[in-house]
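This report concerns only the one structure given below.
The values are calculated or read from the model by the stated rules, or taken from the named source; none is laboratory data. Just so it is clear, the model here is predicted, and its values are computed rather than measured. For neighbour counting, all protein chains shown are included, and Cβ atoms are generated from backbone atoms with ideal geometry for every residue, glycine included.
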Amino acid sequence: MTGADGPDGVRGDRFTRRPRSRPDPATTAERAQRDAENLTAEFRRLQRWAATITGRGRETFLDPTDETNYLAAQAVVINLAEALERRTPDAVLGAAIPDGAGAVRGMRNRLAHDYLFVDKAIVWDAVSRGVPHLLDRLLADGVIVPERFAR
């Protein structure tokens, strides 16, 4: 294959640079809309989970013979941290939590790596007060908008 580019962009034994494609503005807008809707749905789901867990009461949560609610609370915190870190644009984070999501990440790390040494009462406080408050801020009108997802 000498002298002409092959279908894989190889010219002879060298790679040739291809021009970057420019994203279609309509496609970008559709993607931003979809991303905003998906993130909103994820946060609403976590909100429902936290409400279900706390609706069962603190005594049920701290029951040493049934850790189902505690494990569910771990999942809420871990999934929230992942959503904030991987799927939430900086513009959304800045609008909802200007001081950052470090506390959520820190609790996620403790739950994921030091779970045997975590005080369940602290997790209860997080899932009953901290998580709902944070999600309310994230789900407030005007925070998760497609314009903040444009790349």
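Does Arg45 satisfy being surrounded by 15 or more Cβ atoms within 10 Å (Cβ to Cβ), under 25 Å from Glu30 (Cα atoms) and of a type in the set (D, E, K, R)? Judged against the criteria, Arg45 is not a match. Among the residues of the range 34-78, those identified as among the small types (Gly, Ala, Ser) and without any contact (Cβ under 8 Å) to a residue 60 or more places away in the chain are Ala41, Gly55, Gly57, Ala72, Ala73, Ala75.
For the range 116-125, taking the residues that are in a helix (DSSP H, G or I), within 23 Å of Ala51 (Cβ to Cβ) and not aliphatic (A, V, I, L, M), the one that is farthest from the chain's Cα centre (by Cα) is identified as Lys120. You will find that of Ala50, Ala32, the residue that is surrounded by 13 or more Cβ atoms within 10 Å (Cβ to Cβ), modelled with pLDDT of 95 or more, within 26 Å of Asp141 (Cβ to Cβ) and in contact with a Pro (Cβ under 7 Å, 6 or more places away or on another chain) is Ala50 and no other. Of the residues making up the range 133-146, those that are outside any loop (DSSP other than H, G, I, E, B) and of a type outside the set (D, E, K, R) are His133, Leu134, Leu135, Leu138, Pro146.
Might you let me know whether the range 60-73 holds any residue that is at pLDDT 90 or above, among the polar types (S, T, N, Q), over 20 Å from Arg105 (Cα atoms) and not in a helix (DSSP H, G or I)? The answer is yes; a qualifying residue exists. Hey, can you tell me all the residues within the range 76-112 that are of a type in the set (D, E, K, R), crowded, with 19+ Cβ neighbours inside 10 Å and over 22 Å from Ala51 (Cα atoms)? Of everything in the range 76-112, nothing turns out to be of a type in the set (D, E, K, R), crowded, with 19+ Cβ neighbours inside 10 Å and over 22 Å from Ala51 (Cα atoms).
Per this entry, Arg22 is not counted among residues that are charged (D, E, K, R), surrounded by 12 or more Cβ atoms within 10 Å (Cβ to Cβ) and free of Cβ contacts under 8 Å to residues at least 40 places away in the same chain. Taking the listed residues Gly100, Gly130, the one that is among the small types (Gly, Ala, Ser) and assigned to a loop (DSSP other than H, G, I, E, B) is Gly100, with no other qualifying. Scanning the range 123-151 for residues that are under 15 Å from Asn69 (Cα atoms) and either exposed (fewer than 12 other Cβ atoms within 10 Å of the Cβ) or not β-branched (Val, Ile, Thr) (or both) yields a total of 4.
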